[in-house]
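The structure under discussion appears below in the form of structure tokens.
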Amino acid sequence: MKTIQAYRFALDLAPGQERDVLAHAGAARVAHNWALAKVKAVMDQRAAERSYDVAEELLTPSLSWSLAGLRKAWNATKPEVAPWWSEVSKEAFNTGLDALARGLKNWADSRNGKRAGRPAGFPRFKSRRRTTPSVRFTTGAIRV
């Protein structure tokens, strides 16, 4: 069995550095909220179409809930949604999309009885004020 080792650091940031880190955390929040709005819009549209007895093959195409599917949709529209996207790391957007993909999977598995434990709720939008800013960097070497 392979063991994974992780480290957590508390950083003492200068004001400029803190602004940069918060920009990355904000980018994760923006990507998460954008993708969640897109998923909800498609789900609501498909539900409305079903209520009018639209044939299954004619329904609005569903959006993939996987990280790869969400990332593909994000990359197609990020210049319009976040024109400042090139100022932050791609890992910031990936953090938000990954959290949403995991939340959607947990919710779906919970509804289908494939997930143990208490039922998982549908993912919620992340608030700028009420959410602890966070971002994960998972690729490349990180030097402190």
Subset of the stretch 17-64, residues closer than 18 Å to T95 by Cβ, small (G, A, S) and surrounded by fewer than 18 Cβ atoms within 10 Å (Cβ to Cβ), comes to A23, A37
Subset of the stretch 66-88 [surrounded by fewer than 18 Cβ atoms within 10 Å (Cβ to Cβ) and either in a loop (DSSP other than H, G, I, E, B) or in contact with a Cys (Cβ under 6 Å, 6 or more places away or on another chain) (or both)]: S66, P83, W84
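So that you can scan it fast, the table gives a plain yes or no per residue for (1) assigned to a helix (DSSP H, G or I); (2) under 28 Å from A10 (Cβ atoms); (3) touching a residue at least 24 places away in the same chain (Cβ under 8 Å):
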| residue | (1), (2), (3) |
| --- | --- |
| N94 | yes, yes, yes |
| L100 | yes, yes, yes |
| W107 | yes, no, no |
| G117 | no, no, no |
| G121 | no, no, no |
| K126 | no, yes, yes |
| T131 | no, yes, yes |
| T138 | no, yes, yes |
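FYI, it's all coordinate maths here, none of it is from the lab. Only a predicted model underlies this, so the values are computations on that prediction, with no experimental measurement involved. Cβ: placed from backbone, ideal geometry, glycine included. Neighbour counts: every protein chain shown.
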